[in-house]
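Worksheet: one structure, shown below.
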Amino acid sequence: MESINTENTGQFLTFVLDEEIYALDIRQVREVLDLTTITKVPRMPEFMRGVINLRGGVVPVVDLRLKFGLNATERTVDTCIIIIEINLDGETTLIGALADSVQEVMDLDQDQIKAPPKIGTRLKTEFIRGMGKKNDRFIIILDIDKVFTAQELSQVSDNIEDQSQRA
């Protein structure tokens, strides 16, 4: 695999989904929360689990496992919500992502990150910024801004607004 040239090489938060290690650029991670009560919102896409109250603000929570075609995240002592800043059409949006567990913040040098494979992975490669490696395990580095479409996030936002107006 060839190396990938990316300005976002640096620190990454690693987390587990279905025994695979994923990573996000630490600059897009606002915080990590213990799993809390998620309020279901009607008419949401299946991967949208609902919303949480984050210091008075409403934050949608997604199940990345469902988004990636895996089984739903199960509640365990390690299950957590990663609060992520997503840039979509020039606007920054907060979203919570369920993870089986959070591993660590790690440094990856540019030469440790390879271009994503063209085939042979469970998710479409446009979601993948690159592949890292640590202790003989691959780390799938996500481009979180490309995991969700503008239409999906718009639908979520519209449904949340409809529900809050009815309350």
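Being in contact with a Phe, Trp or Tyr (Cβ under 6 Å, 6 or more places away or on another chain) and either on the phi < 0 side of the Ramachandran plot or of a type in the set (D, E, K, R) (or both): is that true of LEU66 here? Criteria met by LEU66. Return a yes/no flag: does region 6-19 have any residue that is among the polar types (S, T, N, Q) and buried (at least 20 other Cβ atoms within 10 Å of the Cβ). Yes, that holds for at least one residue.
Within region 48-63, the set of residues being on the phi < 0 side of the Ramachandran plot and surrounded by fewer than 19 Cβ atoms within 10 Å (Cβ to Cβ) comprises ASN53, LEU54, GLY57, VAL58. The set of residues in region 20-31 being surrounded by 17 or more Cβ atoms within 10 Å (Cβ to Cβ) and not in a strand (DSSP E or B) consists of GLN28 alone.
Check whether at least one residue in region 32-49 is among the aliphatic types (A, V, I, L, M) and part of a helix (DSSP H, G or I), and report yes or no. Taking every residue of region 32-49 in turn, none turns out to be among the aliphatic types (A, V, I, L, M) and part of a helix (DSSP H, G or I). Here ILE95 meets the list (1) in contact (Cβ under 8 Å) with a residue 60 or more places away in the chain; (2) in contact with a Pro (Cβ under 7 Å, 6 or more places away or on another chain) almost entirely, failing just condition (1).
None of the figures in this text is laboratory data; all of them are computed from the coordinates on show. Since the model is a prediction, treat every value here as computed from it, not as a measurement. We place every Cβ from the backbone using ideal geometry, glycine too, and count neighbours over all the protein chains shown.
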